[in-house]
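The structure appears below as structure tokens.
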Amino acid sequence: MTDLFQHRIQSAIEAARPLVSGRVTGAVGLRVTVSGLEANVGDLLRIGTGPNQVLAEVAALDGERLSCMPLGPIAGLGTGTPAFSTGGPLRIAVGPDLRGRILDGLGRPMDGGPPLRGAMVPIDGTPPSAMERQLVGAQMSLGVRVLDTLVPCGKGQRIGIFAGSGVGKSTLMSQITRGTAAELNVVALVGERGREVREFIEHDLGPEGLARSVLVIATSDTPPLVRLRAGAVATRIAEYYRDEGADVLLMMDSVTRAAMAQREVGLSVGEPPATRGYPPSVFAMLASLLERAGPGARGSITGLYTVLVEGDDHNEPIADAARSILDGHIVLDRKLATAGHFPAVQALDSISRVANKITDQQQRSDATELRRLMAAHRDVRELVEIGAYVPGTNHDADRANAAWPQISAFLRQDLDDRTTAESAWANLRALIATI
Ligand SMILES: Nc1ncnc2c1ncn2[C@@H]1O[C@H](COP(=O)(O)OP(=O)(O)O)[C@@H](O)[C@H]1O
Ligand SMILES: [Mg+2]
């Protein structure tokens, strides 16, 4: 009720604000310049009138001239087209009935459902201060055995999923969406093709996954600024539910595409390219976006962010930057996927930096034992394959080889196989006890 009241007052104030208009003075590439209007960086402008009007965000200032990035198609804009300030940055409606909804990159419904109710909030939430935040101390069950035991994720932890394309990121995300103990999933799909998005919603996620989620989608054909904002919109929605006390799982596929969108925006408004063609704003954006996940004073946002790594380019600047900000990484391996081993998690290369804080002694010792056996198996696998391994040479390898069918069955998981972290730990205990 108070929300609605505030909303009305705010709309009234906005309606009463004097209308000041500027004019379009140029458009080059993605950038539209406007003069004759006072606005701040980040403010939203309405350019044009009637059906051709387009929203644009002020991205840079230069004296009188505003450099703006459009949030829609700019065909039809001309010199002299009027531009109006909306008086502030992009706002989205957040409220309790977002569950099950599909929104576009600017937080507007795109599922044909009813209009959103709720308070209109700016999309840039500030993260709670370090002192206010609880510490990561409890496990967030993801419902995937290999992750829940070998890369355990804490409530409020931020983990990267590093993978090439076609290795099973989307499928893993949908499996987590359906299997996690989180109260709500917020899923941002940034820069995917339209066909992939439909497949994800209809095939991977299904009605059951969607019912536990809010989806924010900006496909590859949307303007770069919309793709960029989709990440912030999804994060803002997660923050709303966190502040209501919920443990939220925020998944973003992919931060690499969000970074590429920021690069397009930065270069268009005249920023210099610094690291391998990426302007400095890309790294600032990554840090501020990923920093917003984490535990709150109550409630938490656990963040899972996919990062594209093609080939073996581990020094790729975006992957590098993401790794330094996140507190853990899950590596998906194309070789496992090719061999039909799903989820294709390469556990030996994956790490959760909070594992020690959220597991007990027994769990740690079982996980370490399994990792040791897996490492021994990996060391001798090629020798075994060519028949050059002499049993008895390496005790751990012998144990691992003998038990490999059970180990492999533990690591693999069908899409419709539901588990919890608790049962995964119990399975691991039983597995270790029999080897
Ligand atoms: N858990 C799984 N079980 C069976 N097949 C899978 C699984 N995960 C991925 N795949 C196969 O790999 C393909 C690519 O997976 P996808 O999740 O779309 O990859 P990405 O999102 O990384 O591009 C799928 O079409 C499917 O054939
Ligand atoms: Mg995908």
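The values are calculated or read from the model by the stated rules, or taken from the named source; none is laboratory data. Computed from a predicted structure; not experimentally measured. Don't worry about glycine lacking a Cβ; one is built from the backbone with ideal geometry, like all the others, and counts go over all protein chains shown. These area figures cover heavy atoms from the full protein model, side chains too; ligands, DNA and RNA do not enter into them. Shrake-Rupley method; radii C 1.70, N 1.55, O 1.52, S 1.80 Å.
Could you say which residue among THR177, THR171 is buried (at least 23 other Cβ atoms within 10 Å of the Cβ), touching a residue at least 40 places away in the same chain (Cβ under 8 Å), part of a helix (DSSP H, G or I) and within 15 Å of ligand 2 (Cβ to nearest atom)? So the residue among THR177, THR171 that is buried (at least 23 other Cβ atoms within 10 Å of the Cβ), touching a residue at least 40 places away in the same chain (Cβ under 8 Å), part of a helix (DSSP H, G or I) and within 15 Å of ligand 2 (Cβ to nearest atom) is THR177. Taking the listed residues ARG257, ARG276, the one that is open to solvent by 30 Å² or more (accessible area, probe 1.4 Å) and touching a residue at least 60 places away in the same chain (Cβ under 8 Å) is ARG257, with no other qualifying.
ILE432 satisfies every condition listed in (1) surrounded by fewer than 14 Cβ atoms within 10 Å (Cβ to Cβ); (2) touching a residue at least 24 places away in the same chain (Cβ under 8 Å) except (1). Of the conditions (1) touching a Pro at 6+ places or on another chain (Cβ under 9 Å); (2) closer than 30 Å to GLY88 by Cα; (3) not in a loop (DSSP other than H, G, I, E, B), ARG133 clears all except one; give me its number. Condition (3) is where ARG133 drops out.
Filtered by the rule that a residue be among the hydrophobic types (A, V, I, L, M, F, W, C) and either outside any loop (DSSP other than H, G, I, E, B) or without any contact (Cβ under 8 Å) to a residue 12 or more places away in the chain (or both), the range 100-122 gives ILE102, LEU103, ALA119, MET120, VAL121.
Residue by residue through the range 369-390, note down the ones that are open to solvent by 40 Å² or more (accessible area, probe 1.4 Å) and over 17 Å from ILE330 (Cα atoms). Matches in the range 369-390: ARG372, ARG378, ASP379, ARG381, GLU382, LEU383, VAL384, GLU385, ILE386, GLY387, ALA388, VAL390. Looking only at residues in the range 391-429 that are open to solvent by 40 Å² or more (accessible area, probe 1.4 Å), of a type in the set (Gly, Ala, Ser) and in a helix (DSSP H, G or I), the one that is farthest from SER141 (Cα to Cα) is ALA402. Taken together, ARG242, ARG236, ARG195 contain a single residue that is basic (Lys, Arg), open to solvent by 30 Å² or more (accessible area, probe 1.4 Å), away from ligand 1 (no atom under 16 Å from the Cβ) and part of a helix (DSSP H, G or I), which is ARG236.
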